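Below: one structure, written as structure tokens.
Every number here is computed from the coordinates shown, using simple stated rules; none is lab data. Remember, predicted model here, so these are calculated numbers, not experimental data. All Cβ positions, even for glycine, are placed from backbone atoms using ideal geometry, and neighbour counts span all protein chains on display.
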Amino acid sequence: MTGSRRPVGGLIDRSKMLAFTFDGARYEGHPGDTLASALLANGVSLLGRSFKYHRPRGLLAAGVEEPSALVGVGVGGRFEPNTRATDLFLYDGLTAHSQNRWPSLALDVGAVLGAFGRFIPAGFYYKAFLGKPDLWKIYEHFIRHAAGLGRPPRESDPDAYDHRAAFCDVLVVGAGPAGLAAALSASSTGARVMLVEQDDRLGGGLLRETARLDEATPDRWIARTTRTVAARGVRILTRATAVGYWDDDLVTVAQRLTEPGQSPAGDAPAQRLWRVRAEQVVLATGAIERPLPFEHNDRPGVMLAQAVRGYVGRFGVLPGARTVIATSHDDAYRTAFAVADTGGQVAAILDSRPACDRPIVRDAMARFPVWFEAQVLRAEGGAQGLRRVTARAGGKTLSFDCDLLAVSGGFSPVAHLHMQAGGALDWDPISGAFRAGQARQHQSSTGSAAGLDDLGEVIRHGWAAGANAAAALTSGAPAGSPPEVSERYPGPSHAVAALAAPDGVDPKRVFVDFQNDVTLADVDLAWREGYRSVEHLKRYTTLGMATDQGKTSNMAGLARLAANEGRSIPEVGLTTFRPPYTPVTLGVLAGHAKGFHVAPLRRPALYATHAAGNPLWQPVGYWMRPRAYPRAGENLHAAALREARTVRTALGWVDVSTLGKFEVAGPDAAALLERVCATTVAKLAVGRGRYTYMLREDGMVMDDGTVWRVGADRYLLTSSTGGADRMAHHLDYVRRVLAPQLKAAVANVQEHWAGVAVAGPGARSLIAALAPELDIPRHMSADRSVIGGVDVLILAASYSGERAFEIYVRNPEAAAVWALVAEAGVGLGGCAYGLEALEILRIEKGHVVVGGEIDGRTTPYDLGLHRMMNPARGFVGAAALQRPALQAQAGRQQLVGLESAQPIPEGSMLVRQAPGAAEGHVTAGGVRVIGEGFVALGLLRDGHARLGEPLTAWSPTRGRSAGVRVVQPLFYDPQGERYRD
Amino acid sequence: MLRIACPYCGRRAQAEFVFERALDAILPLDATPAAAVEHLFARDNPKGWSWELWRHTAGCGAWLRLHRHTVTHQIAAVETLGAPRQDAGG
């Protein structure tokens, strides 16, 4: 196939040249060209190699359905793989590369393997590697190198992406003849209309046709209509593809503001995702032509008949010098006239129908050789192009020399959005296609998407669809009437579907899914192996699972499955169309949510105070908290160990502002808390507090914290930082849904109060110095006081295991109190400490944390917390905790301590001997703060009964292990003498 | 994405709400262990109309009762939790 630009014609701007490169070679094209049309005009017809067999591939289509001509485009961070050359509009400097070939497109080693090696049948990978994981390790490199599509970009994307919301009365998807007519009628009623078109210009199928609309040429009529609807305020988006139709008539539209690989002007976004809420949606999404099944139907030079007409009519490119046309209906005859009228030669028209006397056929017979009951058996050619076509007509075998074979196996209406919106599909036995049926949302389908094919009918139907959509919303009647269409060959052209392959062809050489290299033989094999459901067929053969989602291939596969089953196509059914309709970039889905903006950053009140000291930070949920405050020459571990030792020997202070904090007040406050907490609460005297924990409904520990009675009917509940939002929701659920009769109010005060915990042997002296009026509260008591003129709440609670106090202060005054603590604390030999030191200290004390030991699978028994459980029950999780599976004492993972002379790798498996079966895992690894050796916490099967047992903590992923001994999970001050008075 | 008509705030995007559970999956605090297991692990998964508990978390915070079709996603009723239950839509 050797394409060439015709001297005139087409919707391209011949006065301007655009330079581009393909595989390093330099070419020129015109504004209005796609990469595909520009390459064709330059005589390039080999565009890529196929997925599995590295077969040479050219252009099958001219639109978004193109399965074969995938290229990588752009450079650096703007590189975009797997871009359809037919959906890429030319710009100056465009750089494109073919994919999946090595060392070059023309000479490909993989193709040699494909030609001489064994074909890879359906299910090859399952069968070859099932139960043989070692084989995969050997072959993975080779297979990954040989198979696959484009490579991902290696640099980060420099471009910005935008999201926008829009609302309208009528959204028209697709600006072909039906969509334009719908926009005309809907907008004339005063309705707010939005028109979105995936192409870079309006017109759709009209762009390749020669009919007259209201006596104007198609491009004139399109221009006039565009002006009319724009003047009425219709919002028109081009290069904007409606990719998803969601609940309540929400349509997502991905719009390209620059072409793939192109630099945006200034800091403009490269793409924009629109979320359009429409009252009514008109789907004028067109139809996709289907290829024909014959041997080597994937050769470069085999092209869909409408695509050929598109290249001729829209781009002024004749894709081949000598054309054979194979069809099953009238429409492809138009391609014969288009080719011949632009100087091409039509060698033959092969019509699979019996001889018929339709006007277009009659006219064609006067100019071209037409064969009836004719089917293509085989295409011959290769990377250099097509040479010959062999066909059978009425029992005779014919052979035609040609370099272009224009095929048409009928049309599949684009019902994707209709189905995404929950609509049903109807089978049309005349056209052999599924088209939009019963709608579920406010959608209607029109034009060829509704299975229509006569242009006049398409336009009248589109006009009515727009008017009907608007009529549901406004009282205005549409003004004017649909345009009059004059066409040489009116009337429906569909006669029969040509989905079945001719008798006698080798199914191994007949491709169904061009992008995933699935042949008829694969479909047959899957059927023989029992894959009778269309959903199973799809997954086993990968039919329709490539980036084109089977736009050109699904029906052929279905037809073959149905034939094998001896059932009809609608009985076999169709796989579900899911969003997106065409591939979208991850960038446009992410929009602004990247880098710093990927998640909110929550700064504690003391953030600026900490930042001045340049600590190491640790994200906790969305919060940013200091991890350690390293001094010169210290790494994280050294800093944390110094901080922890300072706490044990002198004094330390830590920011605990992010803890969840809830005030619960009212006559039934204690009763509410005893439903949320698994410990008693009501027995607390005013001014006293206690450790508590909460269960999920299924009996697993959810969170832990402390609860304080700060007044007669007033409590303060604390919970973990990361679980605070969940706890807020849970408290509300219990209060409003489970126990609405209780008179209690809950206020989430997490961000009202900042907290500074001071801990260590010097903590009491520090509090005494800061709050001289205060009668120092004993352990687990609370009191109010004043520090530096600021009201504070002081809770005597210890997490570190040392005598400790938590000072709570209103956020704006936190920095002042922190400064006073630091000033007095340094005088007592103390230092600030971060989360890493806190972790070391709590491991040594055996305190469990959410996300570590509280992992959603541990009960109070597993964690050794059951002795403090409220015997009255009545709390969330109490009932489920009594189920037999949780009462069983054997076989559960239980909290243990582990000690070793070597570091104990966190996350490692606990095994009797490495390598071996895991009997538990290390949840947190630490060191002895004072003294020698390493300690850890872990969850171990039946751990409570295994004290003293030697085990190995084994981490094969890090190549480390340590011999450990199982001990009680408490390594320091077991009597708790240090934190009591 | 659904739009849910909050009785307090009007029609808002689903993103502002969270689904809590089906109404019949609310486990009373005085449930027996057997009932708890039944509620937690052997719930109905209706295909069709279902009463559900939602919350307008990123809005007014109200707990809402929705009558929703699990196949078509149609919402026949949105009520505040304390309101008397309407039998809407089957």
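Electrostatic tally near A:Ala671: other residues with Cβ closer than 12 Å to its Cβ, Lys and Arg +1, Asp and Glu -1, net 0.
Identify the trypsin sites (Lys or Arg not before Pro) of segment A:761-862 meeting these criteria: DSSP loop state and at most 15 other C-beta atoms within 10 Å of the C-beta. Loop-located and lightly packed - A:Arg778, A:Arg857.
Counting Cβ atoms of other protein chains within 10 Å of each residue's Cβ and taking the mean over peptide A:868-880 gives 3.
Are there trypsin sites (Lys or Arg not before Pro) in segment A:13-80 that DSSP puts in a loop and that have at most 13 other Cβ atoms within 10 Å, and which ones? Passing sites in segment A:13-80 are A:Lys16.
Note on A:Arg784 and A:Lys594: with the Förster distance fixed at 45 Å, the Cβ-Cβ geometry gives a FRET efficiency of about 0.45.
Defining a contact as two alpha carbons under 8 Å apart and six or more residues distant in sequence, what relative contact order in percent does segment A:885-981 show? Computed value for segment A:885-981: 34 percent relative contact order.
Placing dummy labels 7 Å off each Cα toward the beta-carbon, the span from A:Lys743 to B:Cys9 is 3.1 nm.
Go through A:Lys396/A:Lys538; A:Lys396/A:Lys551; A:Lys743/A:Lys845; A:Lys127/A:Lys508; A:Lys743/B:Lys47 and tell me which ones have a Cα-Cα distance over 27 Å in this structure.
On the way: A:Lys396/A:Lys538 36 Å; A:Lys396/A:Lys551 33 Å; A:Lys743/A:Lys845 38 Å; A:Lys127/A:Lys508 19 Å; A:Lys743/B:Lys47 38 Å.
Where the Cα-Cα span goes over 27 Å, the pairs concerned are A:Lys396/A:Lys538; A:Lys396/A:Lys551; A:Lys743/A:Lys845; A:Lys743/B:Lys47.
The GluC sites (Glu not before Pro) of segment A:678-773 that meet both conditions, a loop assignment by DSSP and at most 13 other Cβ atoms within 10 Å of the site Cβ, are A:Glu773. From the Cα gyration tensor of segment A:660-749, with a ≥ b ≥ c the square roots of its eigenvalues, which class applies: rounded if a/c is under 1.5, or else prolate if a/b is larger than b/c, or else oblate? Because its axes are fairly even, with a/c under 1.5, segment A:660-749 counts as rounded. Scoring A:940-946, A:332-338 by mean Cβ neighbours within 10 Å over their residues and listing the highest first yields A:332-338, A:940-946.
Counting only C-alpha contacts under 8 Å and six or more residues apart, can you give the relative contact order of chain B as a whole percent? Numbers along the way, then the final one.
On the way: 144 pairs, mean separation 23.5, N = 90.
Computed value for chain B: 26 percent relative contact order.
Suppose a student asked you for the relative contact order of segment A:660-749, using Cα pairs under 8 Å spaced at least 6 residues apart; what percent would you report?
Working: 172 pairs, mean separation 37.0, N = 90.
Contact order relative to length: 41 percent.
Length gained on full extension, A:Ile430 to A:Gln887: 157.9 nm, using 0.36 nm per residue less the C-alpha separation. The packing ranking of peptides A:654-667, A:864-877, A:720-733, highest mean first, is A:654-667, A:720-733, A:864-877, where packing means the average number of other beta carbon atoms within 10 angstrom of each residue. Among bridges DSSP assigns within chain A, what percent are antiparallel (round to 5)? Percentage antiparallel, nearest 5: 75.
Determine the sum of side-chain charges near A:Asn748: Lys and Arg each +1, Asp and Glu each -1, restricted to other residues whose C-beta is under 13 angstrom from that of A:Asn748. Write out the running numbers ahead of the final one.
On the way: positive: A:Lys661, A:Arg726, A:Arg735; negative: A:Glu663, A:Asp725, A:Asp732, A:Glu751.
My count for the surroundings of A:Asn748 gives -1.
Taking the Cβ of B:Ser50 as the center, what net charge do the other residues with Cβ under 10 Å away carry, scoring Lys and Arg +1 and Asp and Glu -1? Here the count lands on -1.
Placing unit charges on C-beta atoms (Lys and Arg positive, Asp and Glu negative, everything else neutral), compute the dipole magnitude of chain A about its Cα centre in debye, rounded to 20. Show your work: numbers first, answer last.
Values: 105 positive and 98 negative charges, 204 e Å.
Value, rounded to 20: 980 debye.
Under 5 Å from the amide H of A:Ala924 lie the amide H atoms of A:Gly907, A:Leu937, each residue being 5 or more positions distant or on a separate chain, with H modelled from the backbone and absent for Pro and chain starts. Taking the Cα centre of segment A:885-981 as the origin and placing charges on Cβ (Lys, Arg +1; Asp, Glu -1), which of A:Leu947, A:Val922, A:Phe934 is farthest toward the positive end of the dipole? Farthest towards the positive pole: A:Val922.
Per-residue mean of other chain beta-carbon atoms within 10 angstrom of the beta-carbon, peptide B:28-39?
On the way: counts 4, 12, 5, 4, 2, 10, 3, 2, 10, 7, 0, 4.
Counting other chains' Cβ atoms within 10 Å and averaging over B:28-39 gives 5.
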